[in-house]
1. Could you run through region 72-101 and say how many residues are out of contact with any Gly (no Cβ under 8 Å at 6 or more places or on another chain) and within 24 Å of residue 160 (Cβ to Cβ)?
2. Among the listed residues 9, 13, 43, 28, identify the single one that is farther than 17 Å from residue 116 by Cα and touching a Lys or Arg at 6+ places or on another chain (Cβ under 6 Å).
3. Given the criteria within 15 Å of the chain's Cα centre (by Cα), in contact (Cβ under 8 Å) with a residue 60 or more places away in the chain and buried (at least 18 other Cβ atoms within 10 Å of the Cβ), does residue 114 qualify?
4. Test residue 98 against the criterion of being in a loop (DSSP other than H, G, I, E, B), closer than 25 Å to residue 171 by Cα and open to solvent by 90 Å² or more (accessible area, probe 1.4 Å), and give yes or no.
5. Being out of contact with any Pro (no Cβ under 8 Å at 6 or more places or on another chain), closer than 22 Å to residue 128 by Cβ and of a type in the set (Ser, Thr, Tyr) is the requirement here; does residue 24 meet it?
6. Restricting attention to region 28-64, which residues are open to solvent by 50 Å² or more (accessible area, probe 1.4 Å), part of a loop (DSSP other than H, G, I, E, B) and hydroxyl-bearing (Ser, Thr, Tyr)?
Amino acid sequence: MKKSVGKRPFLFPMPVGIIGSYDSVGTPNIMAASWIGIVNSNPMSIGVSLRPATHTYKNVMRTKAFTVNIANEKLIEYVDWVGHYSGKDINKFDLLPLTPIKSKLVNAPYVHEFPVVLECEVVNITNLGKHTHFVGKIMDVKVDTAILKDNEKFVDINKLRPVMTGHGSGYFGIGENLGRGGKVYQRLGITPDVEAK
């Protein structure tokens, strides 16, 4: 039995990204955002939805650039903190032991201590109502070498230990590996007479 709960942003889990931007005088700022996701493969792009009331919204509208910093479980307190306070009131980097690094590719800072960083140039802005959706073309991704797999083409998620959230449920880490894509379905034992994609 299912019960209607109305229109809610129930997508589980939701990734947590720390969005880096510069204000009008070049002060670096970061905020937590969970309304983010990969939106295109060519050009490789990520989308983030921001409310116009946020300091980050104003920064990204002006610079047309942002970074997405991916935290690990060890950084969870910082994730929560930067999501709780606004950069319009304080310089977060003055209070936190985090290091802003000026990107050489886009007009936005990234955070040295975060293990994965996506440097993005805004290519599309869509006003959706209460939020504005920014599509950022990924110009480069920087990854701590300690979390790369042996072939150095992929991140080992067990070494990264990313943070995610469930709407109204707090923060979560990763669970057990449930199987490899392209192999798990074989457990069903259903083989149609068509070629797999």
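The values are calculated or read from the model by the stated rules, or taken from the named source; none is laboratory data. Treat the numbers as computed from the prediction; the structure is a model and nothing was measured. Here the Cβ positions follow ideal geometry from the backbone for every residue, glycine too, while neighbour counts run over all protein chains shown. Calculation scope for accessible area: heavy atoms of the full protein, side chains included, ligands and nucleic acids excluded. Shrake-Rupley method; radii C 1.70, N 1.55, O 1.52, S 1.80 Å.
1. Here is the first cut: in region 72-101, the ones out of contact with any Gly (no Cβ under 8 Å at 6 or more places or on another chain) are 72, 74-99, 101.
Now narrow it down to the ones that are within 24 Å of residue 160 (Cβ to Cβ): 72, 74-84, 92-93, 96-99, 101.
The number of residues fulfilling the criteria is 19.
2. Numbers: 9 fails: touching a Lys or Arg at 6+ places or on another chain (Cβ under 6 Å); 13 fails: touching a Lys or Arg at 6+ places or on another chain (Cβ under 6 Å); 28 fails: touching a Lys or Arg at 6+ places or on another chain (Cβ under 6 Å).
Just one listed residue meets the conditions, 43.
3. Numbers: within 15 Å of the chain's Cα centre (by Cα): yes; in contact (Cβ under 8 Å) with a residue 60 or more places away in the chain: yes; buried (at least 18 other Cβ atoms within 10 Å of the Cβ): yes.
Yes; evaluated as a whole, the condition is true for this residue.
4. Numbers: in a loop (DSSP other than H, G, I, E, B): yes; closer than 25 Å to residue 171 by Cα: yes; open to solvent by 90 Å² or more (accessible area, probe 1.4 Å): no.
No; evaluated as a whole, the condition is false for this residue.
5. Numbers: out of contact with any Pro (no Cβ under 8 Å at 6 or more places or on another chain): yes; closer than 22 Å to residue 128 by Cβ: no; of a type in the set (Ser, Thr, Tyr): yes.
Answer is no for this residue.
6. To start, the set of residues in region 28-64 that are open to solvent by 50 Å² or more (accessible area, probe 1.4 Å) comprises 35, 38-44, 51-53, 58, 61-62, 64.
From what is left, the residues that are part of a loop (DSSP other than H, G, I, E, B) are 35, 42-43, 51-53, 64.
Once the filter is applied, which keeps residues that are open to solvent by 50 Å² or more (accessible area, probe 1.4 Å), part of a loop (DSSP other than H, G, I, E, B) and hydroxyl-bearing (Ser, Thr, Tyr), region 28-64 yields nothing.
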